[in-house]
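The values are calculated or read from the model by the stated rules, or taken from the named source; none is laboratory data. Worth saying up front: this structure is predicted, and the values here are computed from it rather than measured. Counting neighbours? That spans all protein chains shown, and the Cβs are built from the backbone with ideal geometry, glycine included.
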Amino acid sequence: MIHLASTAKASSQGIVLESLSRYEKRAKARDVFASRLVSVSGITAIVVLFLIFVFLAKDAVPIFRKESAAKFLTGSSWQPEFEIFGILPLLVGSFFVTFGALVVAVPIGITCAVYIAEVAPLAVRSILKVTVELLAGIPSVVIGFIGLTILAPVVQNLFELPTGLTALTGAVTLAFMSMPTIISVSEDAITAVPKSYVNGSLALGATKWETILKVVIPSAKSGITAACLLGMGRAIGETMAVLMVTGNASVLPKGVQDVINFFLGPVRTMTATIASDMGETVQGSNHYHALFAIGLTLFVISFAINMCADIVLRRGRLSRE
């Protein structure tokens, strides 16, 4: 009997060990599959990004045979009908609209993120997070239409302008579009701050607002900075809304004193130029290649902004570790 019992026990242990071995093999196979899938996805993203760059560069290079890259970037006039391709007015217009959008969106976005992460009750927080995500999904043409029909007349009447299609209108419209990105990323960064920091600050006698201002926000500054950079990338790459509300006038400010007047006048951005001109351009013409050169410039700018955001996030993660 003892021999039979020991045999049965050894047999059951063998079955358990065999089951565990099969489970470990399946788990290891799943891990290997997931790892390879992630690697393939990352490599695919890099390859696609490289192919986009090659595609843009292939059709942008011919314009630089006509004039140098420096002249193309610093030329003060964009007149394709006269074969004059200087994108400085487009760069300045894009800068003004994007800068104005950040001036509006960053304070409001960070404030909303702090409220959602640290102040709002749980029920309100859930509703606000869903609302922010829904705002991010509104098509840009819809926001552009709202800016054209509601915001532009308000700007025109408020500043007594001949037209409400100005850089200011574009900046406010883009601020509304970039705020969901800033709020979401900033809220994630604030939530990731260790609770021990907050509890330690409160235990030392700091109030809740002092803790938020002097502990939470400084600890999350890398994530908040990355959020602002990503919001900037969202704003500078927007096309349809800017095309509808900025007036599309290729001009430059006459001096430092003219900056405010320039901000209250029509401007033309790089994205709007591509969208408005590409449909009427003869394929293979200098104008056609100049538009691809603008696209290449935008690609490089967006890539640099996203690279800076990634570097900031990595440094913040390393400093916490």
Give the range 264-321 a look and list any residue that's of a type in the set (Lys, Arg) and modelled with pLDDT of 85 or more, or say none. Arg268
On the given criteria, is Glu118 assigned by TED's automatic domain parsing to the domain that holds Val259, under 22 Å from Leu213 (Cβ atoms) and modelled with pLDDT under 90? yes
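Could you tell me whether Leu204 is modelled with pLDDT under 85, more than 18 Å from Leu102 (Cβ to Cβ) and in the same structural domain as Val114 (by TED's automatic domain parsing)?
yes
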Those residues of the range 264-285 which are in a helix (DSSP H, G or I) and surrounded by fewer than 18 Cβ atoms within 10 Å (Cβ to Cβ) amount to Ala275, Ser276, Asp277, Met278, Gly279, Glu280
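This table checks each residue for (1) modelled with pLDDT of 90 or more; (2) acidic (Asp, Glu); (3) not in a helix (DSSP H, G or I).
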{"residue": "Thr131", "(1), (2), (3)": "no, no, no"}
{"residue": "Leu134", "(1), (2), (3)": "no, no, no"}
{"residue": "Ile150", "(1), (2), (3)": "yes, no, no"}
{"residue": "Asn157", "(1), (2), (3)": "yes, no, no"}
{"residue": "Leu161", "(1), (2), (3)": "no, no, yes"}
{"residue": "Leu174", "(1), (2), (3)": "yes, no, no"}
{"residue": "Ile212", "(1), (2), (3)": "no, no, no"}
{"residue": "Val215", "(1), (2), (3)": "no, no, no"}
{"residue": "Pro218", "(1), (2), (3)": "no, no, no"}
Which residue pairs have Cβ atoms under 9 Å apart, sit 6 or more places apart or on different chains, and have a first residue in the range 70-96 that is not assigned by TED's automatic domain parsing to the domain that holds His289 and assigned to a helix (DSSP H, G or I) and a second that is exposed (fewer than 15 other Cβ atoms within 10 Å of the Cβ) and aromatic (Phe, Trp, Tyr)? none
Would you say Thr191 is of a type in the set (S, T, N, Q), surrounded by fewer than 18 Cβ atoms within 10 Å (Cβ to Cβ) and under 21 Å from the mean Cα position of the chain (by Cα)? yes
State yes or no: is Thr211 in the same structural domain as Tyr115 (by TED's automatic domain parsing), free of Cβ contacts under 8 Å to residues at least 40 places away in the same chain, buried (at least 19 other Cβ atoms within 10 Å of the Cβ) and touching a helix residue (DSSP H, G or I) at 6+ places or on another chain (Cβ under 7 Å)? yes
Determine whether the range 169-182 contains at least one residue that is within 28 Å of Val259 (Cβ to Cβ), touching a residue at least 40 places away in the same chain (Cβ under 8 Å), crowded, with 17+ Cβ neighbours inside 10 Å and touching a Phe, Trp or Tyr at 6+ places or on another chain (Cβ under 8 Å). yes
May I ask you to verify whether Val245 is farther than 16 Å from Ser77 by Cα and either surrounded by 17 or more Cβ atoms within 10 Å (Cβ to Cβ) or assigned by TED's automatic domain parsing to the domain that holds Phe145 (or both)? yes
Quick check on Thr225: is it closer than 23 Å to Ala105 by Cβ and at pLDDT 90 or above? no
When the range 79-114 is examined, which residues are found to be under 19 Å from Phe263 (Cα atoms), buried (at least 20 other Cβ atoms within 10 Å of the Cβ), of a type outside the set (Ser, Thr, Tyr) and in contact with a strand residue (DSSP E or B) (Cβ under 9 Å, 6 or more places away or on another chain)? Ile87, Pro89, Leu90, Val92, Gly93, Phe96, Val97
Filter the range 176-210 down to residues that are among the small types (Gly, Ala, Ser) and assigned to a helix (DSSP H, G or I) and give me whichever is nearest to Leu151 (Cα to Cα). Ser178
Number of positions in the range 241-296 that are over 30 Å from Leu158 (Cα atoms) and of a type in the set (Phe, Trp, Tyr): 2
In this structure, is Leu128 of a type outside the set (Phe, Trp, Tyr) and touching a Lys or Arg at 6+ places or on another chain (Cβ under 8 Å)? no
